[in-house]
Every structure is written in structure tokens, then in C-alpha cells.
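What follows is one structure encoded as C-alpha cells, with my remarks underneath.
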Amino acid sequence: MSTKVRILLADDHAEFRRAIRLFLKKHKNIEVVGEASDGDETIKQAHSLHPDVILMDINMPRCNGFDAAKNIKRSLPGTQVIFLTMYADDRYRKLANEVYADGFINKADLNMNIFQSLSNKMTSRYIM
């Protein structure tokens, strides 16, 4: 019996969150437990929901994704943070590594296979 991977979606665009939620809903081993539209809200949701994974944008209001990830990884080190972003530049990947992000996926690559991308980024305790 597998455990569902509990995901928090964090992006300032409601339509993108809705599209990702609908896409993830098709997978029986994934549960979207919450959504956040800015970095501060992401931090609050992470602390209250304790998701397994946060799919987070970098460019968000009130607190950017890097600062939110840094806060979350410091207080909830078991929570995986995977950036979903339009920034493909290597300097953003470097910054993601500096805040101990667990993954970096370019939004332009989402039409490939997000489940493969996610399973490559998540630890083996999650059965996808």
C-alpha cells in the first residue's frame, strides 16, 4: 500500500495553480493539500499543513520563492521544495541550490512528463 504524496502548490497565478492541480489530480498517489499565492502564505501553509513536497514559483509577491524556501527548509527540513519556474538560467539553479531546494523544473518543460520529473526529484519513500 502506498502513501499519497501531499503537495502544496505555491504560485501567484491562480490559473497556473488550477491547471497544475487538475493535472496532478489525475494521479492517484498525489494529494494537493493546499495552495498559496505568495511567499508569506507559502510559509504559513507549509507550517500548518506539513506537506511532503512544495511546488513553488520563484517570483512571487511579499516574499520570493528563494526566501520562502530558505525559511521552510530551515524549519521543516523534511519538506521537499521543488521550484516550478520560467527562469531557466543557470544562476537561478545556483540560487535554488543555495537554499537547499530539492529540484528545479522549468515551466516550459511541464508538457514533457511532470510525474517523471517529480519522481526523479522526490525521495524513494514516495511511491509514484
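Quick one: in the stretch 42-67, which of the residues that are aliphatic (A, V, I, L, M) and within 18 Å of ARG21 (Cβ to Cβ) is surrounded by the most Cβ atoms within 10 Å (Cβ to Cβ)? Here the residue is ILE54.
Within the stretch 1-29, if we keep just the residues that are among the acidic types (Asp, Glu) and farther than 17 Å from PHE104 by Cα, the residue that is farthest from the chain's Cα centre (by Cα) turns out to be GLU15. Residues in the stretch 24-63 that are part of a helix (DSSP H, G or I) and hydroxyl-bearing (Ser, Thr, Tyr): THR42, SER48.
With respect to PHE66, determine if the residue is among the aromatic types (Phe, Trp, Tyr), over 23 Å from TYR100 (Cα atoms) and not in a loop (DSSP other than H, G, I, E, B). The answer is no for PHE66.
Among residues of the stretch 64-91 that are under 17 Å from HIS47 (Cα atoms) and without any contact (Cβ under 8 Å) to a residue 40 or more places away in the chain, none has a Cβ under 6 angstrom from a residue that is of a type in the set (Asp, Glu) and crowded, with 19+ Cβ neighbours inside 10 Å at a sequence gap of 6+ or on a separate chain. Summed over the stretch 25-50, the residues that are over 19 Å from GLY78 (Cβ atoms) and without any contact (Cβ under 8 Å) to a residue 60 or more places away in the chain give a count of 9. Residues in the stretch 1-47 that are touching a strand residue (DSSP E or B) at 6+ places or on another chain (Cβ under 6 Å) and acidic (Asp, Glu): GLU31, GLU35.
Every number in this text was worked out from the coordinates using simple rules, so none of it is lab data. In this text, all values refer to a predicted model and were calculated from it rather than measured experimentally. Note: ideal-geometry Cβ built from the backbone for every residue, glycine included; neighbour counts use all protein chains shown.
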